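Colleague: This structure is in structure tokens; I'll ask about it shortly.
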Amino acid sequence: MKRTVAIALALMLALLAGPVPADEETAPAEGAAEAESAEAAAEEEGEEEESPPVLDTVYDDERIGKRESEKVASAMGLVQDNALTAYVSAIGKRLSRHAPRYRFDYTFRIVDQDEPNAFALPGGFIYISRGLIALSNSEDELANVIGHEIAHVAARHAAARQQVASAMPGIVQFLARGSLAGYSRAQEKEADRLGQGIAALAGYDPAGMSRFLKNLEFTERLRLGASRRPFFLDTHPATRQRVAITAQRARGIAWKPKRGVARTPEDFLRRMEGLVVGTSAAEGVFRGDRFLHPDLGFTIRFPDGWETANTHTAVGAMSLDRSAQVVLEHAGKGTPLEEALADFEEETAKAGVNLEPPEKIRVGGFPALRVHGRASSRLGGVKLLITFIESRGHTYRVTGVSRGEHDRNQALFLNVARSFRPLSREMLSNVEETRLRIVQAQGGETLDALSSRTGNAWSINRTAVMNGMFATDALESGQLVKVAVAQPYQPER
């Protein structure tokens, strides 16, 4: 969570209106018809209740894409690494010269997301997550993924879905297990075919697509049993058949290798040196159910056993039965409590929320306002408890929303707000951030031995997957290996 604008309360109320059906949590089923339309996929996901913008022309694509790209930057955050962004853009520009059909002015950005993910907005706005870059083991692989996204834009698949507004996995969408609506299998097949062709024309090995997809599936297996988060496979379903098809197609594509933007494979790996892996400490970190934000200098504790999530816009937790959630958001820098409350009242009035008069209190030694509220949902009454806290020049809002068991949840919301405290020096000293490091192996060294020598924070299996090898492989002398090394975090000043 960073210093960003508030999420819409209407989304919280909609979420509490009922549990999310199981079929909304996953990508389209294996047996889905290949001709399934994007509109049908969106309807099946149940992600839109209002009529989406109609994108009739290329001009509409560019206009809507530009608008939604600003929301992506705000909601997800972008990696502030000029050199790495320029590198990805150089690959993208080289590929986009071979884009078929519609020619857009493509832009390429890296989103601050650990999960391997890539998506495109209408009009040529393409996003690659830092997690996807870290998973790539060659420029060929990365180029094929970018080419795949270019193909979606050029074929106007992103416009056909009309799902641009849901491309941002904010806290409400995540807690509800929501994700970007998937492309149809027909669209995926077309994007694979066009993307591999684009990569080949640009001088990249089209087999990079199948190699990346295969490694991505290994990554997904490691995640089984863990909390699901928005992930490339949610929107780009990768089956064994798809891996086989892209591999077979690559063997039939005539292509002439050209030197990459990264001059050598070693140069490619070195370009991701220092990339944050895992949660960025700049967004805050969880220690059990306690959340610590080193840059903003506060800590807050969420209910024990609840499912927690931290995004670029907010941090919060949801009860396991989905009947309640509590979210902390940044409500403004230098914004007086009364002004923050007035803004909230204006926003919530649109959602039919009735607020009681505020009560002046103190939380953690800071001035605060507590407000009770009520609203309605499809399943009945909803009760709210909102606490505004002014701390060190920043105003925060802690919003608890629940249906059923009101008294118990209200007590939990009170405890959450009361747990807000300044971050002590001792707590700050314990905040670490994990970064990707490129290390040289010693001759005959195993991944286990290399991990012990370098202080690798990844498991052996994950290290193998991230490097596109097997856990039992013997390493060659001087071979470059990606590892994750934890280090003390230095807050922004």
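None of the figures in this text is laboratory data; all of them are computed from the coordinates on show. Please read all numbers here as calculations on a predicted model, not as lab measurements. Cβ atoms come from the backbone with ideal geometry, glycine included; neighbour counts cover every protein chain shown.
Colleague: Within a 10 angstrom radius of the beta carbon, how do Glu149, Glu217, Glu273, Glu283 rank from fewest other beta carbons to most?
Modeller: Glu273, Glu217, Glu283, Glu149
Colleague: I would also like to ask the following. Under a cut-off of 26 Å between alpha-carbon atoms, report the lysines in cross-link reach of Lys256, not counting same-chain residues fewer than 8 places apart.
Modeller: Here the lysines satisfying the reach criterion relative to Lys256 are Lys93, Lys189, Lys214.
Colleague: Taking a virtual spin label 7 Å from the Cα of Asn430 along the C-beta vector, which residues in the range 268-293 bring their backbone nitrogen under 20 Å of it?
Modeller: 279-293, by backbone N distance to the label point.
Colleague: Compute the projected area of the convex hull of the Cα atoms of the range 431-488, averaged over all viewing directions, and report it in nm² to one decimal place.
Modeller: So the mean shadow area of the Cα hull is 3.5 nm².
Colleague: Between the range 132-152 and the range 433-472, what is the C-alpha centre distance in whole Å?
Modeller: Cα centroid of the range 132-152 versus Cα centroid of the range 433-472: 23 Å apart.
Colleague: Further question: For a test of the definition: using alpha carbon positions, the gyration tensor, and the 1.5 limit on a/c, classify the range 334-465 as rounded, prolate or oblate.
Modeller: Prolate is the answer for the range 334-465, as a/c is 1.5 or above and a/b outweighs b/c.
Colleague: Convert each backbone phi in the range 411-422 into a coupling constant with the Karplus relation 6.51 cos²θ - 1.76 cosθ + 1.60 (shift: θ = phi - 60°), then list the ³J(HN,Hα) values in order as whole Hz, x for Gly and Pro.
Modeller: Here the 3J(HN,Hα) series is 5, 5, 4, 4, 5, 4, 4, 5, 7, 5, 9, x Hz.
Colleague: Here's a follow-up. Using a/c under 1.5 as the rounded threshold, could you call the range 240-296 rounded, prolate or oblate? The axes a ≥ b ≥ c are square roots of the C-alpha gyration tensor eigenvalues, and prolate needs a/b larger than b/c, oblate otherwise.
Modeller: Note, shape of the range 240-296 comes out oblate.
Colleague: Hey, rough spin-label estimate for Asn82 and Thr472, points 7 angstrom out along Cα→Cβ, what's it come to in nanometres?
Modeller: For the pair Asn82/Thr472, the computed spacing is 4.9 nm.
Colleague: What order do you get for Met209, Met469, Met76 when you list them from fewest to most C-beta neighbours inside 10 Å?
Modeller: Result, fewest neighbours first: Met469, Met76, Met209.
Colleague: Output the peptides 316-327, 285-296 sorted from most to least packed, where packing is the average of other Cβ atoms within 10 Å over each peptide's residues.
Modeller: Top to bottom by mean Cβ count within 10 Å: 316-327, 285-296.
Colleague: How large is ³J(HN,Hα), in whole Hz, for each residue of the range 260-271 in order, when computed from phi with the Karplus curve 6.51 cos²θ - 1.76 cosθ + 1.60 and θ = phi - 60°, using x for Gly and Pro?
Modeller: x, 4, 7, 5, 9, x, 5, 4, 4, 5, 5, 5
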